[in-house]
Each structure stands twice: as structure tokens, then as C-alpha cells.
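Accompanying notes for the structure given below.
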Amino acid sequence: TIQIGRGKAILPGLIDVHVHLRDFDQRKKETVETGTMAALHGGITTVFDMPNTQPPILNAETFERRKALFEGRAYADYALSFLIRNNCGDAVKAGADFYKIFMGASTGGVFSEDFKGDYSCTPGIVSVHAEDAEIIAQNPERPPEAEIRAINRALNAAEKLGKPLNICHVSTADGIWAILGRNLPWVSFEVTPHHLFLTKKNYERNSLLKVYPPLRDEEDRRALWRNFSRIPLIASDHAPHTLEDKESGAAGIPGLETEVALLLDAVNRGMLELSDIVEKMHDNPIRIFEITNKGFEVGKDADFTVVDLKREWKVKPEEFYTKAKWSPWDGRRLRGKVVMTILRGKVVMEEDEIVGKPEGVRINAGKGSA
Ligand code: DOR
Ligand code: ZN
Ligand code: ZN
Ligand code: ZN
């Protein structure tokens, strides 16, 4: 981090390891173009694309289609994923940057019914959506137990296999304690800004805040903050939906254009340091996902996120680049803003304006553990 006077700082280009870019048959919700422009606007130079698309990325053919789709369309750099169900053979062929397992049903209805925790055949780094299929089938409210049971099952598998596992969007006190208590160095996890800053009270007032896993109690939220220094990754789980789809019950919250600013605002409130953002959105993503061509070393890409900690602004979703022009933080005044994004030495976003071309490239990730 380089201070450039009066509250401005240059951070290494931030990486969001959990983004749903949609496209394919869901271009109404988001396209590669709009989603990656949203990323640059929010100060994110690299996005990890999630595979619960329509159609889902479950075979080598669809993966090839995904690869072709991103070329010449992505404004930010990207990593591509593959969905694991009973298709390890296809997964080996595809050569994705990382792999995703849904332990319970989520958006897109794709989940790994037969996943009993054995992810041994997966040829790379695995991110897991940990919500127990049986509990959520019985209880659409998705109580904390759904997450806790799934996390424990995933941890059992990780303990046995000794192979990298990343647990997505941990939202409960018992969940985070289970992970930290087990203390397996090859297990990482993400926490989202919405679980850090919102609770189910917010959801009770605003049904747009429906999300999986759901917003929790204040005690859960506090447990995330109490263990903040031990959270390896902050990722948005950017999950754009049209307002029409939200009205019919779609779960998910767009987050790319607010996450860094919310964290900067929290820096101003003394809740964390600028270096925490760099650790959880740059250093740890590079280490955990074995990214080999990014970061602050000679021969690697010069990506930067320039922030102004003193700048005050108001969240106006109508000015977002994502197609989801709504936000839990609509109208909120924040202190701290991303003012410039630089991708491979070029200014690609300045003062809310995308000035780059769709020149994002696929990053090099996850090849070490194959
Ligand atoms: O709320 C969610 N939305 N949770 C998920 O796991 C998936 C995501 C989506 O794709 O919309
Ligand atoms: Zn998920
Ligand atoms: Zn997700
Ligand atoms: Zn803006």
C-alpha cells in the first residue's frame, strides 16, 4: 500500500473470489460485460466467475463455451470455474481454474445430491457452498444448523483428504468457530460484506435482501467481527437478479460496486485497517488459489486500486454498471471511495467512468494442486 497524501492510497488490484456473472441464458440478470465493468467500478481487477449458470458449467463443452464467451468481452481479469456433481471425469478434462460444489440447493437448482464430503477426485482448488441439503429441504428459512452441519461435514472431508478446500460465505458464529477450532491450514473461507454489515432485521424490512445463506442474528454478525483478523477472504458473492426475479423469490445480492467502499467506510470507523483489505482481497486470494501471474513482483501484472479514504459519497444503484440496479445500501452515505482502477498498467476506471476496453484476460490459478 502506497499512501499518496491526504487520504489517498494505491492498493494492489483487488481480487474477488466469488462472483456470479450469469450471461449464457441469463443475460437479463448480468452479462460478462456489465459484471466486469461493475468489478472495475468497485475497484476489483480480478473476478472469480461462478458456474451455477444457465446452463450450468458441468461438462467440457460448456466450459469451452464459457472460455470463448469471456474472450474479448471481459473488462476485468477473471478465473473460470467448473461445477462438480458426479462429473469428475469431465472436470479433469476441462482444466478450470477452480471448482465449485453446492452441498445444498441454491440459485440455479444445481447441487451435488451425492456429495458426501469426498472431493478427492476434483482436480484443483474447491470452493464449497456449505448448506445441508436435507435441512434446507425441510426448512426454507435455512437455519444456522444447515450451515453448521454442512461446514462440519466439509471439514471432516478436508481433515481426511488434506487437500485445499475453501468454504464460501460463512455466516454463523458456530460455523466460524467450527472452522477456526479445527485449524486446518489447507482450509480457507470467505465472509461477505452483507453478512458483516447486515442482519436478519434488515431483511425483515426489505425482502430484496433475501440471500443464501440468509442474513443472521446480531450475535452471528458480531462473531464474524470478533474473529475478523482470522478471516482469510472477503468476497462479495455478487449475485445479480432482476427486480422481477427478486419479486418471485430469487436469492442473491449484488455486491461488486459497494464492497470495497463499505470496507473503507469501516476503516474510517476504526473497525479494520487498509492492510486488512489488501490481505483478504489480494494477498490471501493469490496464496489460496495459487495465482501465479498477479501481485507485487517483477514480471507480474501491475494492477492497482486507488482509494480515497476521505471522499464522501452516496450509494446510487441507478448509476451501477451491474444490471442489478438495486442495493441493500441504496442511499447510504459512505466515507471512502474507489476513485481509480488500473489493469496491467492502464487506467480502466476513473471517477465512476469505465475508460478501458474489454481487455481482461484469464488468470493463472489453481494449477499447482492438480
Ligand atoms: O443467494 C445466493 N445467490 N446464494 C447462492 O449460493 C447463489 C447465488 C446466486 O447465484 O444467485
Ligand atoms: Zn453460495
Ligand atoms: Zn455465490
Ligand atoms: Zn460510482
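The values are calculated or read from the model by the stated rules, or taken from the named source; none is laboratory data. Predicted model only: the values in this text are computed from it and were never measured. Every residue, glycine as well, gets a Cβ built from its backbone with ideal geometry; the counts of neighbours run over all protein chains shown.
Structure values in brief
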item	result
Unmet requirement for N52, which otherwise passes all of (1) without any contact (Cβ under 8 Å) to a residue 60 or more places away in the chain; (2) more than 16 Å from ligand 1 (Cβ to nearest atom)	(2)
Selection status of E219, free of Cβ contacts under 8 Å to residues at least 12 places away in the same chain, closer than 30 Å to L184 by Cα and either in contact with a helix residue (DSSP H, G or I) (Cβ under 7 Å, 6 or more places away or on another chain) or of a type in the set (S, T, N, Q) (or both)	no
Residues being in contact with a Lys or Arg (Cβ under 8 Å, 6 or more places away or on another chain) and on the phi > 0 side of the Ramachandran plot - total across the range 219-246	0
Flag if D330 is surrounded by 15 or more Cβ atoms within 10 Å (Cβ to Cβ), acidic (D, E) and closer than 30 Å to V126 by Cβ	no
Residue in the range 185-204 that is more than 29 Å from V32 (Cα to Cα), surrounded by fewer than 22 Cβ atoms within 10 Å (Cβ to Cβ), touching a residue at least 24 places away in the same chain (Cβ under 8 Å) and in contact with an Asp or Glu (Cβ under 8 Å, 6 or more places away or on another chain) present	no
So K163, is it basic (K, R), at pLDDT 90 or above and within 18 Å of the chain's Cα centre (by Cα)	no
Residues within the range 232-254 that are free of Cβ contacts under 8 Å to residues at least 60 places away in the same chain, buried (at least 16 other Cβ atoms within 10 Å of the Cβ) and away from ligand 3 (no atom under 16 Å from the Cβ), tallied	1
Residues within the range 351-370 that are assigned to a loop (DSSP other than H, G, I, E, B) and either polar (S, T, N, Q) or surrounded by fewer than 16 Cβ atoms within 10 Å (Cβ to Cβ) (or both), tallied	10
Any chance R85 is basic (K, R) and touching a residue at least 12 places away in the same chain (Cβ under 8 Å)	yes
Any hit, the range 343-350, residues being within 16 Å of ligand 4 (Cβ to nearest atom) and surrounded by 16 or more Cβ atoms within 10 Å (Cβ to Cβ)	yes
S275 of a type in the set (S, T, Y), under 29 Å from E353 (Cα atoms) and not in a loop (DSSP other than H, G, I, E, B)	yes
Counted residues, the range 132-162 - those being assigned to a loop (DSSP other than H, G, I, E, B) and farther than 13 Å from A173 by Cα	6
Members of the range 163-175 found to be within 16 Å of ligand 2 (Cβ to nearest atom) and in a helix (DSSP H, G or I), listed by number	G175
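Let's see how each residue does on (1) surrounded by fewer than 23 Cβ atoms within 10 Å (Cβ to Cβ); (2) part of a loop (DSSP other than H, G, I, E, B):
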| position | (1), (2) |
| --- | --- |
| G5 | yes, yes |
| G35 | no, no |
| E61 | yes, no |
| R73 | yes, yes |
